[in-house]
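A short write-up of the structure that comes next.
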Amino acid sequence: MFLFTKNVEMVTPENALPGRDTAMQVPGRHDVLGTPLQAPFPDGMEQLVVGLGCFWGAERVFWQADGVYTTAVGYAGGYTPNPTYEEVCSGRTGHTEAVLVVFDPAVITLDGILRLFWEGHDPTQGMRQGNDRGTQYRSAIYWTGDVQRAAVEASRAMYQGELAREGYGEITTEIAEAGPFYYAEPYHQQYLAKNPNGYCGLGGTGVACPVGIKTA
């Protein structure tokens, strides 16, 4: 949301902010989809947590997709429990701005979600996305279970090949097992639905991701 030019190195666990035990209170319903932001979710739904830069625009990418049941923005991949936005932006929590995507695999597959992820940003930029710089803007996918892990790693390999053909460097996306997802403050949830002219720093590479595309 702002131009950060520092905090491009990850904080160590021992130097991370202590955080708190109290979880963030968030709205009961999604401002666009009308579905719950928090579990329990309907049977059969799958979840994936991703980071692709400023979470305002990133969340919109997914709530617009058919088959997505709900989305929420928050913080993932770090050390500080229940951080605030200001703490995350300080670079002293280790978290990246993230989106929780809950989807119906009968309508949109995991590969479909991953395609939106890869094409929605530039995953080769390290601790930044466009003009937004800092560890909180790093690209990340946090998987749950071996099936998701295999699909994520396969999609990365496929997209790396496409990017290399177009002259891009190595993908820097953090791929790791999902840990806690801490919900962000209420005003961040579905921010661009409430503020249509709000800031969105997302910019993809223009390179199509072949994952999930069936060829003859």
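The values are calculated or read from the model by the stated rules, or taken from the named source; none is laboratory data. These figures come from a predicted structure and were not determined experimentally. Heads up, the Cβs are rebuilt from the backbone with ideal geometry, glycines too, and the neighbour counts pull from every protein chain shown.
Tell me whether region 33-42 contains one or more residues that are in contact (Cβ under 8 Å) with a residue 60 or more places away in the chain and within 22 Å of HIS121 (Cα to Cα). Scanning region 33-42, I find no residue that is in contact (Cβ under 8 Å) with a residue 60 or more places away in the chain and within 22 Å of HIS121 (Cα to Cα), so the answer is no. Evaluated against (1) closer than 27 Å to ALA23 by Cβ; (2) touching a Gly at 6+ places or on another chain (Cβ under 6 Å); (3) surrounded by fewer than 18 Cβ atoms within 10 Å (Cβ to Cβ); (4) β-branched (Val, Ile, Thr), THR144 falls short on exactly one condition, (2). Selection of region 92-110 for residues being on the phi > 0 side of the Ramachandran plot and surrounded by 23 or more Cβ atoms within 10 Å (Cβ to Cβ) yields an empty set. Applying the criterion of being out of contact with any Asp or Glu (no Cβ under 8 Å at 6 or more places or on another chain) and over 17 Å from LEU52 (Cβ atoms) to the residues of region 72-88, the residue that is surrounded by the fewest Cβ atoms within 10 Å (Cβ to Cβ) is GLU86. Looking across region 7-25, just one residue is crowded, with 17+ Cβ neighbours inside 10 Å and in contact with a strand residue (DSSP E or B) (Cβ under 7 Å, 6 or more places away or on another chain), and that is MET24.
Here is a yes/no grid of residues against (1) closer than 20 Å to GLY67 by Cβ; (2) among the hydrophobic types (A, V, I, L, M, F, W, C); (3) touching a residue at least 40 places away in the same chain (Cβ under 8 Å):
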| position | (1), (2), (3) |
| --- | --- |
| VAL102 | yes, yes, yes |
| LEU114 | yes, yes, yes |
| ARG133 | no, no, yes |
| VAL147 | yes, yes, no |
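For LEU37, the requirement of being buried (at least 17 other Cβ atoms within 10 Å of the Cβ), in contact with a helix residue (DSSP H, G or I) (Cβ under 6 Å, 6 or more places away or on another chain) and among the aliphatic types (A, V, I, L, M) is not met.
To keep it simple, each residue is scored yes or no on (1) in a loop (DSSP other than H, G, I, E, B); (2) hydroxyl-bearing (Ser, Thr, Tyr); (3) touching a Gly at 6+ places or on another chain (Cβ under 6 Å); (4) farther than 19 Å from PRO180 by Cβ.
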{"site": "GLU9", "(1), (2), (3), (4)": "yes, no, no, yes"}
{"site": "ARG20", "(1), (2), (3), (4)": "yes, no, no, no"}
{"site": "PRO27", "(1), (2), (3), (4)": "yes, no, no, yes"}
{"site": "LEU48", "(1), (2), (3), (4)": "no, no, no, no"}
{"site": "ASP66", "(1), (2), (3), (4)": "yes, no, no, yes"}
{"site": "ALA72", "(1), (2), (3), (4)": "no, no, no, no"}
{"site": "VAL88", "(1), (2), (3), (4)": "no, no, no, no"}
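VAL102 falls short on exactly one of the conditions (1) in a strand (DSSP E or B); (2) touching a helix residue (DSSP H, G or I) at 6+ places or on another chain (Cβ under 7 Å); (3) under 27 Å from PRO42 (Cβ atoms), and that condition is (2).
Listed by position, the helices (runs of 4 or more DSSP H) contained in region 105-216 that have at least 2 residues being in contact with a Cys (Cβ under 6 Å, 6 or more places away or on another chain) are 110-119.
Whenever a residue of region 1-15 is closer than 16 Å to GLY201 by Cβ, its partners that are modelled with pLDDT of 90 or more and outside any loop (DSSP other than H, G, I, E, B), lying with C-beta atoms within less than 6 angstrom and at least six residues away or across chains, give the pairs PHE4/ARG133; THR5/ARG133.
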